[in-house]
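The values are calculated or read from the model by the stated rules, or taken from the named source; none is laboratory data. Here the structure is a predicted model, which is why all the values come from computation and not from measurement. Neighbour counts are summed over all protein chains in view; Cβ atoms, including those assigned to glycine, are modelled from backbone coordinates with ideal geometry. Ligands, DNA and RNA are stripped out before the accessible areas are found, and what is left, the full protein with its side chains, is counted by its heavy atoms. Shrake-Rupley method; radii C 1.70, N 1.55, O 1.52, S 1.80 Å.
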Amino acid sequence: MGRLALLYRMILRPLMRQPGRALLIVFALALGDAAVVAIDLAGDAAAGSFHSSMETLTGKNDLEVTAAGGVPDSVVARVATLPFAVRMSPRIEDHATVVANGEAVPLIGIDLVGEASGGGTQALDDAELKESFGHINDADAIWTTRALGKAVGEKVELLINDQTRVYTVRGLIPETTTVSGNAVLMDLGAAQRATGKMGRVDRVLIQTPKGGAFADWEKQIDAALPDGVMLNPQGSETVANRRMLAAFRWNLRVLSYIALLVGAFLIYNALSVSVVRRRADIGTMRAMGASRGAVLGAFLVEAVLLGFVGAMASLPAGRLMATGAVRLLSATVNALYVSSTPGAMRLTAGTVVLALVVGIGVAVVSALAPAREAGRVAPTEAMARGRREYEVQVERKRDALIAAVLAALGAAAAQAPELGGMPVMGYLAALLFVGASAMVTPLVVHAATSAGSGLLRRMMGVEALLASRSLGGSLRRTSVLVGALATAIAMMTSVGIMVGSFRQTVLTWMDGQLSGDLYLRPAGAVSAGQHPTIAPGLAERIAQVPGVQSVSRFRAYEIEYQGLPATLAGVDVDLRRSEQSLSYLSGRSAVDVLRELTAGDNALVSEPFANKHHVKAGDTITLPLGERKATFRVVDVFYDYGHEAGFIILDRATMLKYLPDPAPTNLAVFLKPGTDSGEARAAVQRAAAGSDVLMFSNGEIRREGIRVFDQTFAITYALEAISIVVAIGGIAGALMSIVMDRRREFGVLRFLGATTTQIRKLILVEAGLIGLLANATGLALGYVLSLVLVYVINKQSFGWTIQFHWPVAVLLGSLSLVYAATVLAGIVPARMAVWLNPIEVVHEE
């Protein structure tokens, strides 16, 4: 028999007769694939660097000079006088908030004339733009990208640090440049004054001569720099930030693949049922000369067709889902990693290839086992409908032994360290535990249905007994359904436990962390990587306010340590404030630790920093500060959940020895006991007049922290929901396929006197039993996976120690909702079973 004729009769004709089955498979596959596409698109857009404009405004450079607290002008002069033919570009890189709409935009200060005359960038070669450089000496002159929507001569009110000023647009950066998004450009001197960085710049970009080896130029320039000033390839900061983001984005990708894994279970089940239903047809085709390879190929072609249609459907769905995901991911990136603005989302050729490879690949892999079974059907066994079920019954103990081996391997993998900074073995452990659960499911279903049949009959009648025995007698189909839904429930449970544990841990952490009564920071958009400052005299003015006991100043700098970003912070240590306390891994009291911190060049490091850099109490770390390097002894490691990159904390007096800039980034105000908080807040606001600062109470900070936390994990909940929808939709389709496969059974029951109500009840009880078994199995697997998430994957990815917590109310509500949805999924199959004509179905065979 020809392959095309076989494909038409075995695959295409049944698909055309029952398009509903194909649509359900395509739906499950498309939804799972769409989640992968959405995370890929949203991740690329959300991780768009806030400094993308900064990276393109001065053309191609080779090296960058940086220093904690800024590069002093003396170092800039030293680089300028090097006896090498290098081109240098000093830069101020900060951010400003457009007061009119609250939008945060990059603020870039460069030597406009020097860059334009030196051919530094295409952006400054525009003739019209050069004409406007006559205003570079104006203190209020700015140049903007066209995307900002401002016209030449227009006034723009900008908030920079804690000061609002009005600036005049003197020119527009042409659209022909590679600058992306909005940006504000200033001449270097004006930018230094506006940002309070007189006497220093943020970076010096260097372009080396064409001749000579790059390593030689790097070595010679580095030798001319002070110890604390760093020389790195240009863009190293961006590379470091992207390295830090990698674990976050990889975790989301893995979570999005869970929906595909659930879909794979369901594709496997649907095609397995299809093979069982067509065994007679397969046997007939084999008797007519069709080879095993031809039958195998026909079913794989069906999987490719379904995978292709599902992948193509996933592209618009993924693009739509990505729109919402970008907002959620951008908030997380800004809060925990680096300041960023979402980039444009584009369905590139790579995205299309990803969707096709994932969609078709999952479909083909899921179809391999059913297709092999179809190819192995012998004509003499074609009518032996119960043979495969018998084989599963016999093999369930062997499968349980395999499950034990997989579980042991998973436990071993969970003990392994990370590889290349990624929790690869943790993911492997989770996959092995999922595999163990799938292998043990037939034994669980058989044991549960055997033990519970009598109880079900007494509680719900003979229909429940038949339903229980039907599930136990069709282990091959039932175990796959239970395994698919259990996997989705396990992910929901494990992530729910992880998030609930994390949330409770953060609440406990904030109780010890937030000891002040009022907190002040510069107004405007603030996120990770941005540390605008407050005028130094404000703290002294607030300290004089009646009712204020003390003011604690906090200053933060972004630095790079061992190739990864970190935050260096100086804080006022007052041993009289016993209520201010971090929690330390050593368990020591806060007073003892802080007293030791102030005794010399000592430092505290956060747990994420300690885990990333393998630092412990008693070790020393060497930090480049200003123009020199300083070595600090690590006094202790403290728990922290505010910044994934990690903190290094110094006593403020110690920091000022190396970085003599008194401007704080945050203020904590402590009130005297018995002081009216409302009156004190009003008095502090009056003292802060003239500074654009925002003030928050202790309670407001807590509420905002939890809001940011919940927003951070919203994308996680969305991915869980997709997995559950895929599973429940697949179960509805699988139950319909099973009903069609059991047509003769239902016809016989009707002949024996079963009413339509009893048939409907039988199907619904089966759906309910599948839901119960899946909930029980999923809850057990979810608990195991939550241990991997909390103690392995999260610890290795982010460095946080999370205290385990059962979110009982959330889990009960979620599991109840999933169970109800599973029972409801049986309504349509139950109606199909009732509508069957018993005379027709009995005489079919």
* Would you confirm whether any residue within the range 804-817 is assigned to a helix (DSSP H, G or I), surrounded by 21 or more Cβ atoms within 10 Å (Cβ to Cβ) and aliphatic (A, V, I, L, M)? => yes
* Asked: Name the residues in the range 600-614 that are of a type outside the set (D, E, K, R) and open to solvent by less than 20 Å² (accessible area, probe 1.4 Å), would you?
  -> Asn602, Ala603, Leu604, Val605, Ser606, Pro608, Phe609, Ala610, His613
* Show the residue pairs that are 6+ apart or on different chains and have beta-carbon atoms under 8 Å apart, the first residue being within the range 750-777 and of a type in the set (Asp, Glu), the second being assigned to a helix (DSSP H, G or I). => Glu766/Ala467; Glu766/Ser470; Glu766/Leu471; Glu766/Leu735
* Asked: Do we find that Ala617 is in contact with a Ser or Thr (Cβ under 8 Å, 6 or more places away or on another chain), hydrophobic (A, V, I, L, M, F, W, C) and assigned to a loop (DSSP other than H, G, I, E, B) in this structure?
  -> yes
* Structure fact -> Restricted to the range 513-529 and to residues being in contact with a strand residue (DSSP E or B) (Cβ under 6 Å, 6 or more places away or on another chain) and of a type in the set (A, V, I, L, M, F, W, C), the residue most open to solvent (accessible area, probe 1.4 Å) is Ala525
* Taking helices (runs of 4 or more DSSP H) that do not extend beyond the range 739-798, which have at least 1 residues that are surrounded by fewer than 18 Cβ atoms within 10 Å (Cβ to Cβ) and in contact with a Gly (Cβ under 9 Å, 6 or more places away or on another chain)? -> 756-788
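Conditions (1) open to solvent by 30 Å² or more (accessible area, probe 1.4 Å); (2) at pLDDT below 90; (3) touching a strand residue (DSSP E or B) at 6+ places or on another chain (Cβ under 7 Å); (4) over 22 Å from Val184 (Cα atoms), marked per residue:
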site: His51; (1), (2), (3), (4): yes, yes, yes, no
site: Val65; (1), (2), (3), (4): no, no, yes, yes
site: Pro72; (1), (2), (3), (4): no, no, yes, yes
site: Ala80; (1), (2), (3), (4): yes, yes, yes, yes
site: Val98; (1), (2), (3), (4): no, no, yes, no
* Output the qualifying pairs, or none if there are none: Cβ atoms under 8 angstrom, residues six or more apart or on different chains, first residue in the range 200-215 and over 17 Å from Leu82 (Cα atoms) and at pLDDT 90 or above, second residue open to solvent by less than 60 Å² (accessible area, probe 1.4 Å) and part of a loop (DSSP other than H, G, I, E, B). => Arg200/Gly69; Arg200/Gly70; Val201/Gly70; Asp202/Gly70
* Which residue out of Ala127, Ala151, Ala116 is open to solvent by 20 Å² or more (accessible area, probe 1.4 Å), over 18 Å from Ala194 (Cβ atoms), modelled with pLDDT under 70 and aliphatic (A, V, I, L, M)? -> Ala127
* Go through the range 333-355 residue by residue and tally those that are in a helix (DSSP H, G or I) and modelled with pLDDT under 70. => 4
* Asked: Does the range 557-568 include one or more residues that are in a loop (DSSP other than H, G, I, E, B), on the phi > 0 side of the Ramachandran plot, modelled with pLDDT of 90 or more and open to solvent by less than 40 Å² (accessible area, probe 1.4 Å)?
  -> no
* Filter the range 695-720 for residues that are over 17 Å from Asp511 (Cβ atoms) and of a type in the set (Phe, Trp, Tyr); which is most open to solvent (accessible area, probe 1.4 Å)? -> Tyr717
* Which ones in the range 199-218 are under 39 Å from the mean Cα position of the chain (by Cα) and part of a loop (DSSP other than H, G, I, E, B)? -> Asp202, Thr208
* **Within the range 660-682, tally of residues that are more than 18 Å from Ser552 (Cβ to Cβ) and either within 39 Å of the chain's Cα centre (by Cα) or in contact (Cβ under 8 Å) with a residue 24 or more places away in the chain (or both)** => 3
* Determine whether the range 486-494 contains at least one residue that is surrounded by fewer than 18 Cβ atoms within 10 Å (Cβ to Cβ), modelled with pLDDT under 90 and among the β-branched types (Val, Ile, Thr). => no
* Name the residues in the range 632-643 that are open to solvent by 20 Å² or more (accessible area, probe 1.4 Å) and at pLDDT 95 or above, would you? -> Arg633
* Structure fact -> Taking the range 530-556 and the residues there that are open to solvent by 30 Å² or more (accessible area, probe 1.4 Å) and part of a loop (DSSP other than H, G, I, E, B), the one that is nearest to Gly70 (Cα to Cα) would be His531
* Structure fact -> Filtering the range 818-836 down to residues that are modelled with pLDDT under 85, in contact with a Gly (Cβ under 8 Å, 6 or more places away or on another chain) and open to solvent by 60 Å² or more (accessible area, probe 1.4 Å) yields none
* Exclusive hit being among the small types (Gly, Ala, Ser), modelled with pLDDT under 95, over 27 Å from Leu225 (Cβ atoms) and within 33 Å of the chain's Cα centre (by Cα), set Gly587, Gly646 -> Gly587
* Tally the residues that are within 13 Å of Phe713 (Cα to Cα) and open to solvent by 60 Å² or more (accessible area, probe 1.4 Å), restricting the search to the range 497-512. => 1
* Asked: Cβ-Cβ below 6 Å, separation at least six or inter-chain, first residue in the range 459-478 and over 13 Å from Thr449 (Cβ atoms), second assigned to a helix (DSSP H, G or I) and of a type in the set (Phe, Trp, Tyr): which pairs?
  -> none
* To do: Could you tell me whether the range 460-483 includes any residue that is part of a helix (DSSP H, G or I), surrounded by 24 or more Cβ atoms within 10 Å (Cβ to Cβ), modelled with pLDDT of 90 or more and of a type in the set (A, V, I, L, M, F, W, C)?
  => no
* Looking at Arg503, is it under 20 Å from the mean Cα position of the chain (by Cα) and either among the basic types (Lys, Arg) or assigned to a helix (DSSP H, G or I) (or both)? -> yes
* Structure fact -> Out of (1) in a helix (DSSP H, G or I); (2) open to solvent by less than 30 Å² (accessible area, probe 1.4 Å); (3) modelled with pLDDT under 90, the one Ser450 does not meet is (2)
* Filter the range 570-599 down to residues that are among the small types (Gly, Ala, Ser) and in contact (Cβ under 8 Å) with a residue 24 or more places away in the chain, then give me how many there are. => 4
